[in-house]
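The values are calculated or read from the model by the stated rules, or taken from the named source; none is laboratory data. Since this is a predicted model, take the numbers as computed values, not measurements. Every residue, glycine among them, receives a Cβ derived from its backbone with ideal geometry; neighbour counts consider all protein chains shown.
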Amino acid sequence: MNRTSSYGDPARFIRQLHVAEDCRDHPYTREIIQRTKLPVSYLKPGQLPAIEGDYPANLDQGKRHLLLCRNRGVIFKPCPGTREYTCCDYQVLNIGMNCPMDCVYCILQAYLNNPWLSFFVNVDDLVADLDRVLLKEQDQFFRIGTGEFTDSLAIDSLTGFSPHLINYMRDKPNAVLELKTKCAVIDNLRGLDHNGRTVVAWSLNSTPIMAREELRTASLEERLEAAAQVAQWGYRLAFHFDPIIYHHNWQQGYRETIAKLFATVPAEKIAWISMGALRYLPALKKIATERFPFSSFFYEEFINGLDNKYRYFRPQRVAMYRFILDELKKYSAEQTCIYFCMESEEIWQEVFGFVPGDVGGLPAMLDRSVGWSG
Ligand code: SF4
């Protein structure tokens with residue numbers, strides 16, 4: 001199935017700004033209000049955006065609302081991997097919550113309890129947090145991502161945030177920033193002196209999955225054209241086949257996506273490619289199947305994994321990984337690191353024929369792919 005029309009910038013789904021009391025006079029708040037020209041409601045102390053209905057049924061409506069507020073929690077922290085599966089040592093930079101796109105499998109539906117989007121305007125605190133870690137621990141390498149609780153670029157046309165971050169990262173020799181997205185909003189990345197410290201990443205899937213299960217995202221062609229463009233601007237790229245979903249004709253779907261990827265994007269610009277089969281918290285199935293009654297992939301057979309997430313049976317995961325890895329290897333450059341996100345050592349051994357520990361560990365494999373030798 002191919003999409004016939006493009007949704008365009010997912011930020012256009014947002015119709016209303018809300019401003020927390022203590023951010024009213026923040027210069028960044030004023031800048032965003034000025035740029036977006038959206039209607040604004042100023043909240044009283046303790047007041048939250050009023051969205052009708054109960055969560056999560058009101059997510060459709062909630063995703064139209066953007067709250068500008070402060071992040072009072074930890075801004076910069078390690079990705080919550082689990083001991084039982086091999087983790088890549090990613091650092092999460094928390095710039096906001098939720099996203100105007102709507103993927104059936106999105107874990108945020110089960111993780112969040114508010115339907116609106118948030119963006120944290122206290123970037124001065126964010127920079128202070130980053131400085132505190134990056135400047136203090138200069139012999140350690142940090143791969144930093146903003147796409148854990150939101151999409152890195154989905155509301156960038158409203159916030160204008162990516163240039164701030166890319167400019168900050170350009171002279172940080174011990175870190176690389178990964179902006180991970182499913183949209184094609186790249187205008188703010190043009191013309192920046194990024195000094196190779198930013199990798200721009202797209203999540204990819206088989207085309208029927210992208211068309212059916214990822215609302216308001218960019219099509220495969222749009223994502224790949226955007227990737228080719230940022231590669232021309234000198235950025236390195238990354239791609240994430242995650243979540244890999246079993247569906248009718250899945251081999252053909254993933255084969256087509258991979259062939260188009262390498263037909264559009266220069267292989268040598270790709271720093272890393274991850275693979276991760278669908279895994280989900282028990283609470284997600286109920287939420288997603290109620291919100292998206294026509295979606296059927298949750299009705300396959302799953303086992304409850306060691307991290308209390310459901311995943312496909314091991315032979316099925318191995319079959320899908322082997323197929324996708326073989327397709328990727330037809331085209332990928334030698335220096336591109338292909339890896340699993342959250343898989344067991346047994347699966348690594350079965351699919352890759354080695355475990356990360358044999359070659360210094362997964363974090364070191366990824367660090368080497370962006371030139372850090374430790
Ligand atoms: S793009 Fe990412 S954050 Fe947004 S709905 Fe999809 S999975 Fe969730």
If I filter the stretch 15-25 for residues that are under 13 Å from His65 (Cα atoms) and surrounded by fewer than 19 Cβ atoms within 10 Å (Cβ to Cβ), do I get at least one hit? yes
Without any contact (Cβ under 8 Å) to a residue 40 or more places away in the chain, farther than 23 Å from Tyr7 by Cα and either of a type outside the set (D, E, K, R) or buried (at least 17 other Cβ atoms within 10 Å of the Cβ) (or both): does that describe Gln251? no
Being surrounded by fewer than 23 Cβ atoms within 10 Å (Cβ to Cβ) and within 16 Å of the ligand (Cβ to nearest atom) is the filter here, so list the residues in the stretch 227-242 that pass it. His240, Asp242
Odd one out for Gly81 among (1) within 30 Å of Glu343 (Cβ to Cβ); (2) modelled with pLDDT of 95 or more; (3) small (Gly, Ala, Ser): (2)
Is it true that Thr257 is touching a residue at least 24 places away in the same chain (Cβ under 8 Å), away from the ligand (no atom under 16 Å from the Cβ) and polar (S, T, N, Q)? yes
In the stretch 154-196, what residues are in contact with a His (Cβ under 8 Å, 6 or more places away or on another chain) and within 15 Å of the ligand (Cβ to nearest atom)? Lys180
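Residue by residue, here is whether (1) touching a strand residue (DSSP E or B) at 6+ places or on another chain (Cβ under 7 Å); (2) charged (D, E, K, R); (3) farther than 21 Å from Asp156 by Cα holds:
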position: Pro27; (1), (2), (3): no, no, no
position: Ile32; (1), (2), (3): yes, no, no
position: Pro39; (1), (2), (3): yes, no, no
position: Gly46; (1), (2), (3): no, no, yes
position: Ile51; (1), (2), (3): yes, no, yes
position: Asp54; (1), (2), (3): no, yes, yes
position: Ala57; (1), (2), (3): no, no, yes
position: Gln61; (1), (2), (3): no, no, no
position: Leu66; (1), (2), (3): yes, no, no
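Condition check ((1) crowded, with 21+ Cβ neighbours inside 10 Å; (2) out of contact with any Asp or Glu (no Cβ under 7 Å at 6 or more places or on another chain)) across all residues:
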| residue | (1), (2) |
| --- | --- |
| Thr159 | yes, yes |
| Asn167 | no, yes |
| Arg170 | no, no |
| Pro173 | no, yes |
| Val185 | yes, no |
| Leu192 | no, yes |
| Gly196 | no, yes |
So how many residues does the stretch 35-62 have that are closer than 21 Å to Ile107 by Cβ and in contact with a Lys or Arg (Cβ under 9 Å, 6 or more places away or on another chain)? 5
Those residues of the stretch 197-217 that are away from the ligand (no atom under 15 Å from the Cβ), assigned to a strand (DSSP E or B) and polar (S, T, N, Q) come to a total of 1
